[in-house]
1. If you take the residues of region 241-267 that are buried (at least 23 other Cβ atoms within 10 Å of the Cβ) and part of a strand (DSSP E or B), which of them is farthest from the ligand (Cβ to nearest atom)?
2. Starting from region 222-248, take each residue that is β-branched (Val, Ile, Thr) and list its partners that are assigned to a loop (DSSP other than H, G, I, E, B) and near the ligand (Cβ under 9 Å from one of its atoms), counting only C-beta distances under 7 angstrom and pairs at least six apart or across chains.
3. Which one is farthest from GLN219 (Cα to Cα) among residues in region 148-180 that are assigned to a strand (DSSP E or B) and either among the hydroxyl-bearing types (Ser, Thr, Tyr) or near the ligand (Cβ under 10 Å from one of its atoms) (or both)?
4. Of all residues in region 51-103, which are surrounded by 14 or more Cβ atoms within 10 Å (Cβ to Cβ), within 13 Å of the ligand (Cβ to nearest atom) and of a type in the set (A, V, I, L, M, F, W, C)?
5. Can you name the number of the only condition in (1) open to solvent by less than 40 Å² (accessible area, probe 1.4 Å); (2) within 17 Å of MET201 (Cα to Cα); (3) touching a residue at least 60 places away in the same chain (Cβ under 8 Å) that ILE126 fails?
6. Restricting to region 196-222, and then to whatever is away from the ligand (no atom under 13 Å from the Cβ) and assigned to a loop (DSSP other than H, G, I, E, B), can you tell me which residue is surrounded by the most Cβ atoms within 10 Å (Cβ to Cβ)?
7. How about region 183-195: which of its residues are over 17 Å from THR100 (Cβ atoms) and open to solvent by 10 Å² or more (accessible area, probe 1.4 Å)?
8. Taking region 107-141 as the search range and keeping residues that are within 16 Å of the ligand (Cβ to nearest atom) and out of contact with any Ser or Thr (no Cβ under 7 Å at 6 or more places or on another chain), which one is nearest to ARG157 (Cα to Cα)?
Amino acid sequence: MSLRDALRIPESEITDEAVYRDRRRLLALLAATPALGLAGCAGAEPPPPSTARVAPAQARSGFRTDEALTRYEDITSYNNFYEFGTGKADPSRAAKTLRTAPWSVEVAGECAKPGRIALEDLLRGIASEERIYRLRCVEGWSMVIPWTGVPLAAVLRRFEPTAKAKYVAFTTLADREQMPGLRFRSIRWPYREGLRIDEAMHPLAFLATGLYGKALPQQNGAPLRLVVPWKYGFKSIKSIVQIRFVERMPSTAWNDLQPSEYGFFSNVNPAVDHPRWSQKTERRIAGTNRLLANRIETRPFNGYADQVAALYAGMDLRKWY
Ligand code: MTE
């Protein structure tokens, strides 16, 4: 294993190879860079799931917004899907080869009915809905997207999670043959994400199967993709092949890569800056020209505080970022 692997420093963080050849300079870098230090949340006891319940009418108030929609062309050509490359235009070009049917999902862990289930059966009998959600990327841009899909809770309940299911872990397909980006070790594949069980069961948490009334394009995470509108976009894991109910906080791809920058919770929070940039404002990609995108203020929980803030009552959101 190389030193870079051992430290898991992404290539982009290293501009000067001599930095890691020179041991003294490396040690100075380690001391000065919190990103290379201990995991932000490691060691501490994670907060238990909340028992707060949001009233149905209150929850529904978050299902739509009057804000201008981002254009279909922008939603489907300006993407993050590292399995198909790290450039924004890479996924729309490279993901065409992703085979999205037949598709099945393995459900495992702390539940009464684990097993592999075909996507049609996973969704069977659950009414498809349209939800217009804001998506705020940790990089500082945002979109307004009309998704179609199903509430995550309706799908999870099918498998009868046990009392030990404190978290839900999600995994993306990792197939080198279909996903050229897997050749690069930008992330430790497969891409993984997770939610605390109360977050996963919250009425706003959604599994998208389409957008703008059409089937979900591959670059947006076809055929099944998580959408958690009050969290930074990287929680919205794409092309899901596994759902696991677990007792302990699961490891997630970005937290694994850079724990001081990407916490487990990742709630949109303008009061907590990313270590390398401010999170106070965002570039809203809506209307006709993304270069002329409006810069607007970022809101706590991405504007969904009325619906979700109670989940985090009493939690220090600087510590549990
Ligand atoms: N899921 C997988 N499997 N791989 C990824 O690279 N990128 C995440 C998230 N889901 C990503 C992923 C990030 S950083 C963001 S901002 C959103 O997807 C982007 O979703 P979009 O391209 O549909 O806007």
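The values are calculated or read from the model by the stated rules, or taken from the named source; none is laboratory data. A quick note: this is a predicted structure, and the numbers were derived from the prediction, not measured. As a convention, Cβ positions derive from the backbone with ideal geometry for all residues, glycine included, and neighbour counts pool all protein chains shown. Keep in mind that these areas ignore ligands, DNA and RNA; they rest on the heavy atoms of the full protein, side chains included. Shrake-Rupley method; radii C 1.70, N 1.55, O 1.52, S 1.80 Å.
1. Result: PHE245.
2. Cβ pairs passing all conditions: VAL227/SER236; VAL228/SER236; ILE237/TYR191; VAL241/LEU173.
3. First pass over region 148-180, keeping only residues assigned to a strand (DSSP E or B): 148-151, 161, 167-172.
With the extra rule that they be either among the hydroxyl-bearing types (Ser, Thr, Tyr) or near the ligand (Cβ under 10 Å from one of its atoms) (or both), the set shrinks to 148, 167, 170-172.
Numbers: THR148: 16, TYR167: 27, PHE170: 18, THR171: 16, THR172: 13 Å.
That would be TYR167.
4. Selection gives ILE75, PHE81, PHE84, ALA94, ALA95, LEU98.
5. (3)
6. Only one residue tops the list, namely HIS202.
7. Narrowing region 183-195 to residues over 17 Å from THR100 (Cβ atoms): 183-189, 192-195.
Answer for region 183-195, where residues must be over 17 Å from THR100 (Cβ atoms) and open to solvent by 10 Å² or more (accessible area, probe 1.4 Å): ARG183, PHE184, ARG185, SER186, ARG188, TRP189, ARG192.
8. Looking only at region 107-141, we keep the residues that are within 16 Å of the ligand (Cβ to nearest atom), and these are 131-141.
Okay, now just the ones that are also out of contact with any Ser or Thr (no Cβ under 7 Å at 6 or more places or on another chain), so 131, 133, 137-141.
Numbers: ARG131: 20, TYR133: 23, CYS137: 29, VAL138: 30, GLU139: 33, GLY140: 34, TRP141: 33 Å.
This residue is ARG131.
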